[in-house]
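First comes the structure, then the notes that go with it.
The values are calculated or read from the model by the stated rules, or taken from the named source; none is laboratory data. Predicted model only: the values in this text are computed from it and were never measured. Cβ sites come from the backbone with ideal geometry, for glycine too, and all protein chains shown count toward neighbours.
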Amino acid sequence: MSTLIISEKNKAAQAIAEALGQTKKVQVNKLVSVYQIPSRNIYVLPLRGHIQQYENTAPYKKWTAKDPRDIITDPHAIAKIPTTYAGAYISALKQYGKKCDTCIIGTDADVEGCNIGLMDAIPFVKQANPQIKLAQLWLNDLQKKTIQQAFNQLIPPKWSWAFSGEARAQIDAIIGFSATREVSLTLKNILNSLNIKFASIGRVQTSLLYLIYLREDIIRNFKPTPFWSISADLKIGNRNLRVNHQNNNFIDKKIAERIYNTISNEKFAQLEQISMKTKKILPPTPLNTSRALQLITKNLKITAKQALKTLEDLYLNKLITYPRTDSDVYSPNYDHKSVLQKFLTHSLYGGYTRDLFKNNRINPRQGRKNAGDHSPISPLKSLEPSANVFENKLQEQVYNLITRHYLALFGEKAEESETRVLFDIKGEKFLGQFKTLLKQGFYIIAPFLSPKYSAPMPMITQYIDPNLKKPKFPINKINFEEKETQPPPRYTDTSLLQLMEQKNLGTKSTRPAIIQILIDRSYIQRKGRSIYLMDFGFLLIDALKNIWKPFLEPSFTAKVEKLLEEVKNQQIKYNDVVDSIKLEFLKLFDLFRAQKSQIVSKIQPIQSTGNIIRGRNNKIITSSKQKSSSSTNANLNTNTNTNIISSQKKGSTPALSTSFCPKCKTHHMKLVISPQKKKKFLVCEDPKCQTYLSLPKKGTPHLLKATCSICSFNIVKISTSKNGHRFYYYICPLCWTHGLNNQTGEGFCSNCKSFYIVKGKCVKR
């Protein structure tokens, strides 16, 4: 009996094989290697994510050949076809499918993984061997013990999960292909003037763009209202306490001025009332994917895409459990004791962990949702800072957050006090409040979860005693300030993730990618941590909202998500869901078409202003208008690579990376080429940071939008020549700089063992 195990990634395949026995690596072809376990006649074949995808069929390839509406109504308008790199994998699947009696799906244990294994790969295995038996390996992590237990307890294939993923892919392809084509052809002249190839429309991304637009619309058109506030700075022992007039904020300036003039020369404030409440704070609940991404993006100030990739890398390196889960509840048999014991001798976590055992605190606080997919995200190993297993500093930082958060689940409650005080200053009442931490509890191990507290003020809190006469306290200063109301803040990655979860937009795994799509499509731009809406994105939604609101509203895509969940739970057939959404979207498509003439006139101003960022009162902040020429009026059908951000030319604005500086993590890096082209490097745009990344001396560097799969920094394409022949190669500046410093030679993408460049993107080998 021979067994074929299909995994989704190479590292996962290697871990599965090594857990099941002595392993031999067999090179099947240029792209594919199989991990063989000769003693058990097992072959583990790694894929590279999806090897099939939905595309338009031949009659629909040219945008003007068919009516975009037909993509919705014609069942033959789209088809699932192998990706450009799939041939080698398909050949290997057929070869080993033919020689094996059983095929085990060992892809990632979620909807997408099931879809990859059962809908992408198994059809080719079945072609070669229709009688092959199927089973599924469901893994919570890649530790040896977990793999062995799961292998001994194989489950039937989760077809309903695979069908849910298939329904999502079909729905999004039909909506995306038809709507993008219709909107782009409608706005063709405007797009050409901006050197934008097409107006990308998608079920989730366009709804998210609409929500960003709503916030941006408030900010741009916000009319501030003036108000006045009066406060007093009191000296409480050796501390200062600011108290505010009980009627702040004043709309009538005359009333505020009268009060201020009355009390401005007073030297003491009479304490009238004081009260204190204490509150116990429970430890956090376990981390599912959504909360983990919010925790990481908020504390490390990185993008959602970087956060998810780092979690996945830690999982593949066997350091944490599976990072894509909706659950925040552990199963009753989860062995927390064994995990905690690993941290008893840790240099940073050891003392806290020993206290947990001393106080018999080995049961964590639980959440509320058990989605039946995986346990919450948890550490698997005890690693000291700067352990060699970390591939970069970011992995160490994310691991530290995940581990401290996990240990906090077992901690004692924290306790805080909130003190409220009422003062009298010449007949005017002033209120003050401050919070102090009475007991650290779980905050000891997870200080990043703690709010900011004031230091204790015993000089004032002692007067809670009703028997003590209330004293007067010196006034350092009385403040009279004119302020104005402020618009809501712009979104960050963290708040966008929260918004998407709240509105049920996308899935835990796709949300970071959706944010990135909007950036790649030039709808939004990240400046620092804030998300700004570009003028094109603003005017597009501003035009669409009047005629296409039912499509833009999150309720439409949330309905789709609900139906996909029902497919997953075997409550409805996936074909029925696809058919019903097609009919519903067809009505929305016709609604757009009937009134689309309104859009062109509405969005026309962008041709004169360019694709820019605006602030309040529509004031231009930055301009990104690209000059048009005869060559920029590109055919919408072209496949020309537009992945280059830019290469700096003499006198031009320096190209900026989309990735953040590896040191400060808050600013982008700019490409610098000296006029004589002798010096080429990247430098943080913050002059105070002074972080540099090296570049090769020879050749012209082009900064790409694509990022390195190891460190997440932008890839650079180097164009050069040798013996009169032009050629190019790729490097990652961050890895290359490390290679120069450490003399390891790393950074040349062609020499990377794990990844290589395909169409300007860094992908798994």
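Structure values in brief
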| quantity | calculated |
| --- | --- |
| Q270 out of contact with any strand residue (DSSP E or B) (no Cβ under 7 Å at 6 or more places or on another chain) and on the phi < 0 side of the Ramachandran plot | no |
| Odd one out for N479, checked against (1) outside the structural domain of S231 (by TED's automatic domain parsing); (2) not in a helix (DSSP H, G or I) | (1) |
| Any hit, segment 110-119, residues being not assigned by TED's automatic domain parsing to the domain that holds I519 and not in a helix (DSSP H, G or I) | yes |
| Only one of K678, K619 that is over 30 Å from R181 (Cβ atoms), modelled with pLDDT of 80 or more and of a type in the set (K, R) | K619 |
| Residue match in segment 677-692 (condition: among the hydrophobic types (A, V, I, L, M, F, W, C), more than 26 Å from L300 (Cβ to Cβ), over 23 Å from the mean Cα position of the chain (by Cα) and buried (at least 16 other Cβ atoms within 10 Å of the Cβ)) | no |
| Search result, residues across segment 548-573 that are of a type in the set (V, I, T) and in a helix (DSSP H, G or I) | T557, V560, V567 |
| Unmet requirement for T557, which otherwise passes all of (1) polar (S, T, N, Q); (2) surrounded by 20 or more Cβ atoms within 10 Å (Cβ to Cβ); (3) within 30 Å of K223 (Cα to Cα) | (3) |
| Residue within segment 195-206 that is farther than 15 Å from R521 by Cα, among the aromatic types (F, W, Y) and crowded, with 18+ Cβ neighbours inside 10 Å present | no |
| Filtered residue count, segment 494-541, keeping only those that are of a type in the set (G, A, S), farther than 19 Å from R324 by Cβ and either surrounded by 24 or more Cβ atoms within 10 Å (Cβ to Cβ) or in contact (Cβ under 8 Å) with a residue 60 or more places away in the chain (or both) | 3 |
| Strands (runs of 3 or more DSSP E) fully within segment 669-765 counting 1 or more residues that are among the hydroxyl-bearing types (S, T, Y) | 692-694, 700-707, 714-722, 725-731, 755-758 |
| Any hit, segment 585-607, residues being of a type in the set (A, V, I, L, M) and over 17 Å from A543 (Cβ atoms) | yes |
| Some residue of segment 11-24 being at pLDDT below 95, part of a strand (DSSP E or B) and of a type outside the set (K, R) | no |
| S555 being outside the structural domain of E257 (by TED's automatic domain parsing) and on the phi > 0 side of the Ramachandran plot | no |
| Options Q294, Q341: the member that is among the polar types (S, T, N, Q) and either out of contact with any helix residue (DSSP H, G or I) (no Cβ under 9 Å at 6 or more places or on another chain) or under 30 Å from R529 (Cα atoms) (or both) | Q294 |
| Answer residue from segment 603-620, given it is of a type in the set (K, R) and surrounded by fewer than 17 Cβ atoms within 10 Å (Cβ to Cβ) and is farthest from L214 (Cα to Cα) among those | K619 |
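For every residue, the table says whether it meets (1) among the aliphatic types (A, V, I, L, M); (2) touching a Cys at 6+ places or on another chain (Cβ under 7 Å).
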{"site": "A150", "(1), (2)": "yes, no"}
{"site": "P156", "(1), (2)": "no, no"}
{"site": "W161", "(1), (2)": "no, yes"}
{"site": "E166", "(1), (2)": "no, no"}
{"site": "G176", "(1), (2)": "no, no"}
{"site": "A179", "(1), (2)": "yes, no"}
{"site": "L187", "(1), (2)": "yes, no"}
{"site": "I190", "(1), (2)": "yes, no"}
{"site": "N195", "(1), (2)": "no, no"}
